[in-house]
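Each remark here refers to the structure printed beneath this line.
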């Protein structure tokens, strides 16, 4: 034991002192080294004394007492700055080669810290790693050695290839650990050195990833650990967990992968919620690659939706959505709707969006789809995302045979509750669109209700005045009322409402009312066509789950307006509002196709401005009929002053590559420029 | 591991070990937020939670919460074992450890932690070896303390008890 020898020396030295002062000095000198190191310990990295401490730490690293050296390594390894690491890396490297295992393991972890701080220094530790795993060390430094090797392999692909040759050695060490008898020093609940087992498994994972040979070399040991590890306590499960992660990441054979997923399945049934949690996390990572294997555990996963723990619930929800398919949609949706009812508000938005997506992909029937949407809107209506509203409107529009049923259900929902804005918006829009079906009692799916035009207008006007309605909702209901002027007979009432809101404080509402008023007064001949039933919106193929589909009705009049009039179109740029399609073809100028190539079709429609008939408002409709998105779409037009002709430049991104095209549009109908 | 915090059920911090460089202000902010989050957890909840971009592993032993922040690739279950090992070391050292031991001997608690973990990783996986190292260092410190005291009391010659 070094301490007493050192101490005797100390005592001897002090005894040689001739004066008290000298004695005190000698002892103080010994003490300051220790104190100094402790002092650094409590300093934060941002202390400006830090750089001046490098020398004391350096000398401590070379101290004759391993305890002091250990302290210095600890200090450096826990909070050494990059500057300190650079200066002292050499000392650490030296200590990494010492035969003193107490210091060697500290040096290894210190080296890890140095590498994290100054990655360029990694190379200098390479020679010292040569014998780290050799048996001579009785396993004492194995754990820290594996940690150091892991750090190096994670940071450098070169190091990774270099260390791949260690796989057989690591496999052997792991085998010895699980085969060897009881080792009291390293035992935790009957398992030999679980910390080391876990670290070896993690290093194997890194070495085996993407490499067939290494993966094969570790196949057997992984199977062995997976089947032989005792699972009654957390420690065994910790090892199994790491094993599963490794199996899933390397190029393992399918039998082993199934074994791994089954372990996770068993984890899901474990009483320990921590185990269930890690199981769900891992399953979420593998559900894409091993979908069928995970499907087998679907019912257990769905049960986890009822778990008390928030994190477990969230994971179970995400996993459930990943597992929904055409076969299990009805059953899964039942569970998910029940979950939506009872879950925390934090979940509701995500759950609702997920349900809408799943319903859209796998709905077994239109009626089921509408019912599901209704259920979501009525139970979690206020949590539904704003962008769901236009999506739902489009869906409803396209479910032609369900219009009467849908509007009836939505109307009834409004009678119960007008506080949930997304529900109210969708309902208003539907009533505006299909109010005629509502009052004529055409519903076939269920008992048609008896409702009069006045009752319907009462409800819509109620939305306009209610405190619960947001400005956006008010916009929806005013437009709906306006639309009913062509579907209902009570015109006077509608005219009155519209004129009242012409002086509304809300500018948006005011503008609409003024325009609708104008529609009554000056453009009454246009009104029926303008407000007619929305056509089915052509859907482009959906690519990803969250995509909002381009509709036929998208207008972008801002590009080509020769003069901005009080326009009758709703600005298409406002989020949360539906894209209102208005047909201008009645203006006497027929629409034309300006460009039609590679799935991109651009149509122009015209309107003569009134009172100035010399001004034509051209609206462009751009549609994408391909399966891929077209993004970053830019339309540029140059128009010469005389004859109406146009040079057009289009740029957009399609299937990842940029597309550019130039075109000339000269098939403008004569009426448009005469 | 990025850091470890020990705090009481009233939210009083008893030990903090940081393995990443952060300003005092950031440390205080993190501590405050995390303590609040963990104390708000109900007993039936699991020991793991996501917080910012880290995984938090916590376990309560009597009146103390042991709370570790680990990175994405770290194993949560083995971290629970690390925490448990630390508690066992404290227990062995102090003899049936309780919060008061940590309060009045915090430097020893830090010291034990520093012999067990370095830079956030376990340096020694044998309980016995960690305790042995602590014992040796203790002894050395104790003997030096005695020397120092005696020297300051002005005695020219002294006998030292070495056990």
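Counting other C-beta atoms within 10 Å, which of A:657, A:388, A:428, A:134 has the fewest, and how do the rest follow?
Lowest count first: A:657, A:134, A:388, A:428.
For residue A:338 and residue A:416 in the same chain, what is the full-extension length gain: residue separation times 0.36 nm, less their Cα-Cα distance, in nm?
26.0 nm
Can you give the angle from 0 to 90° between the axis of helix B:127-152 and the longest principal axis of chain B, with both taken from C-alpha atoms, to the nearest 10?
40
Work out the FRET efficiency for residue A:131 and residue A:154 from their Cβ-Cβ distance, taking R0 = 25 Å, and round it to the nearest 0.05.
Computed FRET efficiency for residue A:131 and residue A:154: 0.70.
For residue A:400 and residue A:466, what does the FRET efficiency come to when R0 = 30 Å and r is the distance between their Cβ atoms, rounded to the nearest 0.05?
The computed FRET efficiency comes out at 0.45.
Rank the residues A:429, B:18, A:368 as a footprinting-exposure proxy: fewest other Cβ atoms within 10 Å of their Cβ go first.
Listing A:429, B:18, A:368 from fewest to most nearby Cβ atoms yields A:368, B:18, A:429.
Run the quick spin-label model on residue B:42 and residue A:382: label points 7 Å from Cα toward the beta carbon, then report their separation in nm to one decimal.
Going from the residue B:42 label point to the residue A:382 one covers 2.2 nm.
For residue A:296 and residue A:269 in the same chain, what is the full-extension length gain: residue separation times 0.36 nm, less their Cα-Cα distance, in nm?
8.4 nm
Is the C-alpha gyration tensor of chain B telling us rounded, prolate or oblate? Criteria: a/c under 1.5 is rounded; beyond that, a/b larger than b/c is prolate, otherwise oblate.
Taking the square roots of the gyration eigenvalues as a ≥ b ≥ c, chain B is prolate.
Where in region A:227-262 does the amide nitrogen come within less than 17 Å of the point 7 Å from the Cα of residue A:303, taken along Cα to Cβ?
A:262
Set the Förster distance to 60 Å, then compute FRET efficiency between residue A:601 and residue B:148 from the Cβ-Cβ distance, nearest 0.05.
0.10
Run the quick spin-label model on residue B:107 and residue A:97: label points 7 Å from Cα toward the beta carbon, then report their separation in nm to one decimal.
3.7
With a/c under 1.5 counting as rounded, go ahead and sort region A:350-434 into rounded, prolate or oblate using the C-alpha gyration tensor (a ≥ b ≥ c being the square roots of the eigenvalues; past the cut-off, prolate if a/b is larger than b/c, else oblate).
Oblate.
Is region A:407-501 best put as rounded, prolate or oblate by its Cα gyration tensor, with a ≥ b ≥ c the root eigenvalues, rounded for a/c under 1.5, and otherwise prolate when a/b is larger than b/c, oblate when not?
Here region A:407-501 falls in the oblate category.
With the crude spin-label approximation of a point 7 Å out along Cα→Cβ, what separation in nm comes out for residue A:660 versus residue B:25?
Roughly 4.8 nm, to one decimal.
Using Cβ counts within 10 Å as a stand-in for footprinting exposure, how do A:488, B:104, B:116 rank, fewest first?
Lowest count first: B:104, A:488, B:116.
Computed from the coordinates by the stated procedures, all read-outs in this text should not be read as laboratory data. All figures in this text were calculated on a predicted structure; none of them were measured in a lab. With ideal geometry, Cβ positions are generated from the backbone for all residues, glycine too; neighbour counts draw on all protein chains shown.
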